[in-house]
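The values are calculated or read from the model by the stated rules, or taken from the named source; none is laboratory data. Predicted, not measured: the structure shown is a model, and the values here were computed from it. Neighbour counts run over all protein chains shown; Cβ positions are idealised from the backbone, glycine included.
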Amino acid sequence: MKKQFTCNKRRLLFFAMILLAVQLLVTPPDSTAQQTPEPPPRGVNRTAPEREPIVLSSVLQPDGTTNTVILLPAVADTYLASERPLQNFGSDALFLGYNLVGSDYFGAQRILLRFDVENFIPAGAVINSAALRLHVSFSSPTDDAPMGTVLRRLASPWSEFDVTWNTEPAWTPVDSTAEVGSQPTWYEWPLTDVVADWASNLYANDGVEIIGDETVQQRERSFYSRETLLDLYPRLIVDYTDFNDTQPPSVTVNPLPTYSGRNFTVSWTGDDPGGSGIDHYDVQVQAAGGDWVDWLTNVIVTEAVYGNGEDGRVYNFRARGVDNAGNIESFGPAEATTIVDTLPPTSTVAPLPVINNSNSFLVSWSGTDSASGIQYYDVQYRFNNGPWMLWLPQTLSTSATFFSATDGFYAFEVRAVDNVGQAELFQDTPEATIIVDAEPPFVQPRLWLPVIMTGE
């Protein structure tokens, strides 16, 4: 009986051990017991591995163009630290944000990067998209909220192993932004316009600078630099189309009217025979035979209002195009011309006899204009100082026979409108007067004076 009890006890112990082993196999370790990762070491002496660009895809299109996506590794990268203004960090990982650890902290940290765009993007290629990608290796705090960052194009050269906070290169306005989280993954900054400008040689390629949250606090990120042996180095992914475009655009200013007012619209049209398309236009103006000067540069619009033209001056215009492949059209001779007319014409009615003994008589007028010339005249009259009435609207004539219905005192005024639509104003003041006395007995002019003066 005792032996049987001992066997059962051993069986229970054996099964308990099996259950414990199974439980240990299926139950993972406590996931809450995470260790705080350490930041990458600083001040290390490392050499970046040799890396070549990688063509991720290349597709020949039906129109003969080639669409390519290429990965460009960084050719230079470093960071700057405000509390180490004389120290260079060309061999370190890339730190961003603000370091406030210990009494010998690094302060604000900014990243500099440069990529070889010129030697690996074909001349004339159109940049469809481009993005800078960095991989986070460390975050402090560990579970920090996303950090806002800005990216700026650099406008002066720098050396990876010499640049310091005190020799920070010049930078331009913000070109891109990104939110960088605390997870060890890739983060991306759109860079299409900047890369397009480098590829077309609009700007020298001095790289970019990334600036994060520089509030005085412990908040930073580190990214893998080009010195890493892992496949997590900084990279620029560029999608471009090679049009093999070596021909500049052909752009011309559309004809202008012979005469224009002070403000007038200038328009232009063009096409790009090479196929890459027109990127922007430059338009020049020449006033009164003087030098050609830039009016509009680097614009994408195809018309604009030219303002504040001076009366009587001749204005010439010419335009050129720059295509997406960087081909620049040469400026040619004047393509459109106009004369500015800013002053209305002047006109007057010729003197009339003091008295006329007929119910019809000839009225004449004349006018002058400084530039465009007179388009037409409006002639008005009034009887015995009554209201003014329009006699001849928009007439091209400079004389006409007036037929009077009643004897009395007649006054005339004329105004002119020039060929750009500028109208002289009626002053409602007689420019010529005449007394009509067509019914005998005829009277002397002085007898009309009371009528002329009082309108009775």
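Figures for the structure shown
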quantity: Unmet criterion (only one of (1) modelled with pLDDT of 95 or more; (2) under 20 Å from D92 (Cα atoms)) for T172; calculated: (2)
quantity: Residue ID - surrounded by the most Cβ atoms within 10 Å (Cβ to Cβ), chosen from residues in region 401-421 that are assigned to a strand (DSSP E or B) and either touching a residue at least 60 places away in the same chain (Cβ under 8 Å) or in contact with a Leu (Cβ under 6 Å, 6 or more places away or on another chain) (or both); calculated: V414
quantity: Pairs where the first residue, in region 28-56, is under 30 Å from Y240 (Cβ atoms) and in a loop (DSSP other than H, G, I, E, B) and the second is of a type in the set (V, I, T) and modelled with pLDDT of 95 or more, C-beta under 6 Å, 6+ apart; calculated: P53/I70
quantity: Any chance A123 is at pLDDT below 95 and either under 28 Å from the mean Cα position of the chain (by Cα) or loosely packed, with under 15 Cβ neighbours inside 10 Å (or both); calculated: yes
quantity: One residue from V117, V75, V163 being on the phi < 0 side of the Ramachandran plot and either in a strand (DSSP E or B) or at pLDDT below 95 (or both); calculated: V75
quantity: Some residue of region 378-391 being surrounded by 15 or more Cβ atoms within 10 Å (Cβ to Cβ), basic (K, R), out of contact with any Gly (no Cβ under 6 Å at 6 or more places or on another chain) and within 30 Å of Y240 (Cβ to Cβ); calculated: no
quantity: Any hit, region 304-322, residues being crowded, with 20+ Cβ neighbours inside 10 Å, of a type in the set (A, V, I, L, M, F, W, C) and over 15 Å from P257 (Cα atoms); calculated: yes
